1. Of the residues that sit in segment 36-54 and are of a type in the set (Gly, Ala, Ser) and assigned to a helix (DSSP H, G or I), which one is nearest to the chain's Cα centre (by Cα)?
2. Cβ contacts < 9 Å: first residue closer than 20 Å to ASN174 by Cβ, restricted to segment 200-213; second residue acidic (Asp, Glu), any location; separation 6+ or different chain. Result?
3. Against the definition (modelled with pLDDT of 95 or more and in a loop (DSSP other than H, G, I, E, B)), how does CYS182 come out, yes or no?
4. Quick check: is even one residue across segment 55-67 out of contact with any Phe, Trp or Tyr (no Cβ under 9 Å at 6 or more places or on another chain), surrounded by fewer than 21 Cβ atoms within 10 Å (Cβ to Cβ) and outside any helix (DSSP H, G or I)?
5. Of a type in the set (A, V, I, L, M), crowded, with 18+ Cβ neighbours inside 10 Å, over 21 Å from THR143 (Cβ atoms) and touching a residue at least 40 places away in the same chain (Cβ under 8 Å), is that true of ALA76?
6. Output the residues belonging to segment 98-141 that are more than 30 Å from ILE175 (Cβ to Cβ), surrounded by 15 or more Cβ atoms within 10 Å (Cβ to Cβ) and among the polar types (S, T, N, Q).
7. Does segment 111-127 contain at least one residue that is part of a helix (DSSP H, G or I) and either touching a Phe, Trp or Tyr at 6+ places or on another chain (Cβ under 8 Å) or free of Cβ contacts under 8 Å to residues at least 40 places away in the same chain (or both)?
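The values are calculated or read from the model by the stated rules, or taken from the named source; none is laboratory data. Remember, it's a predicted structure, so these values are computed and weren't measured experimentally. Note that we place each Cβ from the backbone using ideal geometry, even for glycine, and neighbour counts take in every protein chain shown.
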Amino acid sequence: MSLNKKDFIISFVRHAESCGNAGIHYENEYQEDDPPLSPHGLLQAEKLAQSSYTDDITKIYSSTLLRTVQTAYPTAVKLTKEIILLPDLMEIGTEISGTELWRLKNDYPLAVPCISEPTPCGGKLLLGDESYEEKIARGRRCTDYFYSEARDGDHFMVVSHGSYFGYLIRAALNITLPESFCWQVDNCSMTRIIFRKDNIPKLSFANSINHLI
């Protein structure tokens, strides 16, 4: 992680409740490994957008899967901002590169897909199986990318997935934890980290669902 010479914030969000999380059957029009949000998840995404937690967001990043795009989209509409899709934020073990481009174009025009390798973070469009070390390295690539993109005073919202969340937080806080340590996060919860010029990241809060109440 490079020396930080700016103050900025990253709010990491796990996607809202998906049909997969809720055990709800979804139609064949959706790809396997890419379930949409459940009706409750869509409501959670709206509540996230309506909350003051997202009022000052300057950039929105999301994995390329439908459930993260749907989680970020109401906030993007509220702020009239694009969603920058990064395959590097993908869930662990996903066998597709992301939601089909036609669906993004038709239903989520504010979403900007990544269609070339290497990705902006330096990774691949399709991740495949990863070792523990590769998951850690992916988290560091993402964090380094956010560092490079941030300007003084920025506030990024980064929407990712439950199993991968802990690797992002490890990288963002620059801490080492064994693979057996699981960072528990609820659907549509937010974990906020503040980056200061003293180069010591501060965990402001973790797994907050106050915006859903």
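1. ALA45
2. ASN207/ASP186
3. No, not satisfied.
4. Among the residues of segment 55-67, at least one is out of contact with any Phe, Trp or Tyr (no Cβ under 9 Å at 6 or more places or on another chain), surrounded by fewer than 21 Cβ atoms within 10 Å (Cβ to Cβ) and outside any helix (DSSP H, G or I), which makes the answer yes.
5. For ALA76, the condition - of a type in the set (A, V, I, L, M), crowded, with 18+ Cβ neighbours inside 10 Å, over 21 Å from THR143 (Cβ atoms) and touching a residue at least 40 places away in the same chain (Cβ under 8 Å) - is not met.
6. Matches in segment 98-141: THR99 only.
7. no
Yes/no per residue for (1) hydrophobic (A, V, I, L, M, F, W, C); (2) more than 14 Å from the chain's Cα centre (by Cα):
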{"site": "GLU117", "(1), (2)": "no, yes"}
{"site": "LYS124", "(1), (2)": "no, yes"}
{"site": "GLU133", "(1), (2)": "no, yes"}
{"site": "ALA150", "(1), (2)": "yes, yes"}
{"site": "MET157", "(1), (2)": "yes, no"}
{"site": "SER160", "(1), (2)": "no, no"}
{"site": "TYR167", "(1), (2)": "no, no"}
{"site": "ASN174", "(1), (2)": "no, yes"}
{"site": "PHE181", "(1), (2)": "yes, yes"}
